[in-house]
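The structure under discussion appears below in the form of structure tokens.
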Amino acid sequence: MTQIQTEVKRVEELRQLLQRASYAYYVLDAPIMEDAVYDKFYRELQDLEIQYPELIAPDSPTQRVGERPATHFTSVRHHIPLYSLENAFNVDELQAWDQRWRRQLPTIDSVEYVSELKIDGSALALTYENGVLVRGATRGDGVAGEDITQNVKTIRSIPLRLNFGAIEPIERVEVRGEAFLPLEVFKQINEERQKAGEQLFANPRNAAAGTLRQLDSRIVAQRRLDFFAYTLHIPGMDDASIANTQWEALELLQKMGFRVNPNHKLCAALAEVGEYYEYWDTERLNLPYMTDGVVVKLNSFKLQEQLGFTQKFPRWAVALKYPAEEAPTRVENIAVNVGRTGALTPLAQMRPVQLAGTTVSRATLHNSDRIAQLDIRIGDTVIVRKAGEIIPEVVRVIKELRPDDTEPFVMPSYCPVCGQSVVRESGEAVTRCVNASCAAILKGSIEHWVSRDALDIKGVGEKLVHQLVDKGLVHSVADLYELTAEKLCTLERMGQKSAEKLVMAIAQSKNQPWSRVLYGLGIRHVGSVNAQLITEKYPTVEKLETAKQSDIAGIYGIGAEIAQSVYQWFQIEANQILIERLQATGIKLAAEETSLVSSGEQKFAGKTFVITGTLPTLKRDEAKALIQKAGGKVTDSVSKKTDYLVVGEDAGSKLEKAQALGISQMSEAQLLEILAEE
Ligand code: IVH
């Protein structure tokens, strides 16, 4: 295909996709994509049409203001069209907007801007005649919307009669604003829909739009919609000095009985607008409703009038939006990673895309069930989502943009690292490589062995581990202890000094306590707290090796699943050999008496503790084990001899007694903090 043929095909694809999306959004109330995603495709189409004007067709989504309203409400023509806003996605684009209008009015110097929060809801146009609400309409295509007066009347923050206390009664008043659902109500509605097996609303905006277009206004009334007013139209209002600025209009709206969002600011310079935008970027997360940006308007109505409108937007306003949390991109490959436990994890490698301030190019696809559910294939255009600190994920596939020659993804039946057959046990979502000498499993287990909570070997990171395994220097964690500076020096970019340091660090790890060694073995379900509990009960590896599964399960805090996993691990011959080898190197496979335990672990020597209430993460026995390990004594009742009371939730009489005796208290967090201190 030639370049132009490719572009023609793309334009056609985008047009069809955007049309389908608008129909789903406006007519069916079942949106198929986020607005930000729509905007992105829209911009792509617009750019192509600018580049190739001959490709513009009269039915292109770029050639109309919006889409047709649905048929079941009466269509009404707006007295004044409802324009939409041009978007800016950063302060540079805001400045570009500012320069654009200034070019049109070169004599204007300093101006006032009003910054308002952009409420993520559904626009409403309200008509009042002689002070009485006579009509409420949706935006529709901006020229005509739907008459939803009955539904609008259920919104309690919309006055049915205007308060004319402040001004003379006026024949016709038009008020615009945003109807929205508070986040709490949105959550509640979705919970109910889930219970009823209905399709969930993708976000509060769709829920608000869907609610407003409910035919049964009794349902609308139950949904607790809310409304913020932001535009006032009174014919000739600036001539009559009713309001000359947006700021005054907002004040007046409030006096007339509307809810106006209290978060708006008069800014004397564009820099102030920028600051306001940055401030709300984080602060908006504390609001009980959604905002997706700041709307910036020139304050003076005179200036607004002079500037007027383009086909679709006012020139005197701009929506300064926060970065999208969802974006489309293409899957270039689906790689399969093998972890320490042998689990095969599919990973989508995608064309890099900017999301919530970071570049995203990879996302885990978890397992084959998840892949089947999404039906994701190499070559697909997908929507990736990354909200705030959340790890990026693929939320859906846009099937319309799927190339012709794709094939469903199949999980390999052989481990991509060692080539041995993989297994998927019935009832499990995970496919595993079970070859104990698989390089991927080996690398993962060594990385775990050297990690901070295990043997804590400084200087041995992921890169070095890979080198060691790939060069065949290490086939098991026990081999680490046979490394010499000489052998290490054969590695790329490894000097004599660093090699010697590494050998020292590895040797020092032999002093780590038995509980860390047990954790370092990477037995499934054995985290560091469980390892401590187990080593308390089994102070030597010999005792643990010969323990019955039911005895291990008898340890307080250790369940049947953990016990089975530990028991089975010691039954495997390769693991028994590993233990023997570790023992030969001098690694501690037994708890030491106090003299040999590092001083850091004797922090509570001679101190008596009482634990009361429910602790947030630790079970009572786990906390007890930790205190005892640090040399402390734990008793059941508070007395003068008690040094510390560890307090959890719903603490009762013990807390009162301790307070009466003036005994120091600490929370679980404080306890753990002290224990973690070097
Ligand atoms: S002013 C001609 N102010 O954002 C003026 N709009 O993306 C147009 N919106 O259709 C509207 N908060 O539904 C304005 N404080 C605010 C707003 C706001 C939310 C919505 C409105 C508009 C859309 C444009």
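The values are calculated or read from the model by the stated rules, or taken from the named source; none is laboratory data. What you see is a predicted model; the values in this text were computed from it and never measured. Cβ sites come from the backbone with ideal geometry, for glycine too, and all protein chains shown count toward neighbours. Each accessible area value is taken on the protein alone, full model and side chains, heavy atoms only, with ligands, DNA and RNA left out. Shrake-Rupley method; radii C 1.70, N 1.55, O 1.52, S 1.80 Å.
May I ask you to list the GluC sites (Glu not before Pro) in region 412-467 that are in a DSSP loop and have at most 16 other Cβ atoms within 10 Å of their Cβ?
Passing both the DSSP loop test and the Cβ count: Glu425, Glu428.
Please list the non-local residues whose amide H lies under 5 Å from the amide H of Leu365, H modeled 1.01 Å from N, same-chain partners needing a gap of 5 or more.
Amide H neighbours of Leu365: Leu347, Ala348.
Within region 358-397, which residues have the backbone N less than 15 Å from the label spot 7 Å out from Ala335 along Cα→beta-carbon, could you tell me?
Residues 360-366 qualify, since their backbone N sits under 15 Å from the label point.
Translational diffusion coefficient of region 326-435 at 37 °C, 0.692 mPa s, Stokes-Einstein with Kirkwood Rh over Cα pairs, in µm²/s as a whole number.
Result for D is 225 µm²/s.
Given that compact globular proteins tend to follow 2.2 N^0.38 Å, what is the ratio of the alpha-carbon Rg of region 310-377 to that value?
Its radius of gyration relative to the 2.2 N^0.38 Å reference: 1.65.
Kirkwood Rh and Cα-based Rg: tell me the resulting Rg over Rh for region 412-488, rounded to two decimals.
Radius of gyration over Kirkwood radius for region 412-488 works out to 1.05.
May I ask you to derive the FRET efficiency for Asp470 and Lys399 from their Cβ-Cβ distance with R0 = 60 Å, giving the value to the nearest 0.05?
The formula returns an efficiency of 0.90 here.
Any idea how far apart Asp39 and Thr310 come out in nm if each label point goes 7 Å out from Cα toward Cβ?
If labels sit at Asp39 and Thr310, their model points lie 1.4 nm apart.
Using a basic spin-label model with each label point 7 Å from the Cα along Cα→Cβ, how many nm lie between Ala429 and Asn575?
Roughly 2.5 nm, to one decimal.
Could you give the radius of gyration (one decimal) and Dmax (whole number) of the Cα atoms in the chain, in Å?
In order Rg, Dmax, the Cα atoms of the chain give 33.3, 97 Å.
Cα centroids of region 148-168 and region 86-113: how far apart, whole angstrom?
35
Determine ³J(HN,Hα), in whole Hz, for all residues of region 235-242 in sequence, where each value follows from phi through the Karplus function 6.51 cos²θ - 1.76 cosθ + 1.60 and θ = phi - 60°; x replaces Gly and Pro.
Each residue of region 235-242 in turn: x, x, 5, 7, 4, 7, 6, 6 Hz.
Taking 0.36 nm per intervening residue step and subtracting the Cα-Cα distance, what contour gain separates Glu561 from Val91 on full extension?
Contour length minus Cα-Cα distance gives 163.7 nm.
Hey, with R₀ at 56 Å, roughly what FRET efficiency would Glu272 and Gln583 work out to, going by the Cβ-Cβ distance, to 0.05?
Between Glu272 and Gln583 the formula returns 0.20.
Could you calculate the contour length gain from Tyr279 to Glu492, that is, 0.36 nm times the residue separation minus the distance between their Cα atoms, to one decimal place in nm?
Answer, rounded to one decimal: 71.8 nm.
Based only on Cα atoms, what mean projected area does the convex hull of region 506-632 have, in nm²?
Average of the hull's projected areas for region 506-632 equals 8.4 nm².
Report the accessible area of Lys265, computed with a 1.4 Å probe over the heavy atoms of all protein chains in place, in Å² rounded to the nearest 10.
Spelled out: Lys265, probe radius 1.4 Å, area about 70 Å².
Ranked by accessible surface with a 1.4 Å probe, highest first, in what order do Arg43, Arg224 come?
Sorted by accessible area, descending: Arg224, Arg43.
Just to confirm, what accessible area per residue do you get for the chain at 1.4 Å probe, in whole Å²?
Accessible area per residue, the chain: 51 Å².
How much FRET efficiency would the formula 1/(1 + (r/R0)^6) give for Ala372 and Arg193, where r is the Cβ-Cβ distance and R0 is 25 Å, rounded to 0.05?
0.50
Run the lone-cysteine check on the chain: no other Cys C-beta under 4.7 Å from the residue's C-beta.
Cys267, Cys489
Of all the accessible heavy-atom surface of the chain, with the other protein chains kept in place and a 1.4 Å probe, what percent is carbon and sulfur?
49
What does the extension gain come out to for His525 and Lys9, with contour length at 0.36 nm per residue minus their alpha carbon separation?
Using 0.36 nm per residue and subtracting the Cα-Cα distance, I get 180.5 nm.
How large is the translational diffusion coefficient of region 231-316 in µm² per second when you combine the Kirkwood radius over alpha carbon pairs with Stokes-Einstein at 20 °C and 1.002 mPa s?
146
Bin width 10 Å, alpha-carbon pairs only: give the P(r) of region 414-545 as whole percents, running from 0 to the bin holding the largest distance.
So the P(r) values, bin by bin, are 12, 36, 32, 18, 2, 0.
Quick one: what Rg and Dmax do you get for region 106-263 from the alpha carbons, in Å?
17.2, 61
Once you have the Kirkwood Rh of region 540-594 from its Cα pairs, apply Stokes-Einstein at 37 °C and 0.692 mPa s and quote D in µm²/s.
Taking Rh from Cα pairs, D becomes 270 µm²/s.
Loop-only trypsin sites (Lys or Arg not before Pro) in region 473-502, please: DSSP not H, G, I, E or B, and at most 14 other Cβ atoms within 10 Å.
Within region 473-502, the qualifying trypsin sites (Lys or Arg not before Pro) (loop, at most 14 other Cβ atoms within 10 Å) are Arg493.
Within region 472-569, report the GluC sites (Glu not before Pro) that DSSP leaves as loop and that have at most 14 other Cβ atoms within 10 Å.
In loop regions of region 472-569 (DSSP not H, G, I, E or B), the sparsely surrounded GluC sites (Glu not before Pro) are Glu492.
Straight-line reach from Lys607: which aspartates and glutamates have a Cα under 13 Å away, not including same-chain ones fewer than 8 places off?
Once the sequence-local aspartates and glutamates are set aside, what remains near Lys607 is Asp643.
Computed over the Cα atoms, what is the radius of gyration of region 266-367 divided by 2.2 N^0.38 Å, N being its residue count?
1.67
Under a point-charge model restricted to the Cβ atoms of Lys and Arg (+1) and Asp and Glu (-1), what is the dipole moment magnitude of the chain relative to its Cα centre, in debye to the nearest 20?
Dipole about the Cα centre, nearest 20: 960 debye.
About the Cα centre of region 88-182, how large is the charge dipole given +1 on each Lys and Arg Cβ and -1 on each Asp and Glu Cβ? Please answer in debye to the nearest 20.
240
In nm, give the distance between the simple-model label positions of Lys603 and Asp621, each being 7 Å from the Cα along the Cα-to-Cβ direction.
Rounded to a tenth, the inter-label distance reads 2.4 nm.
Just how far, in whole angstrom, is region 238-278 from region 426-483 if you go by their alpha carbon centroids?
Each part reduced to its Cα centre gives a spacing of 62 Å.
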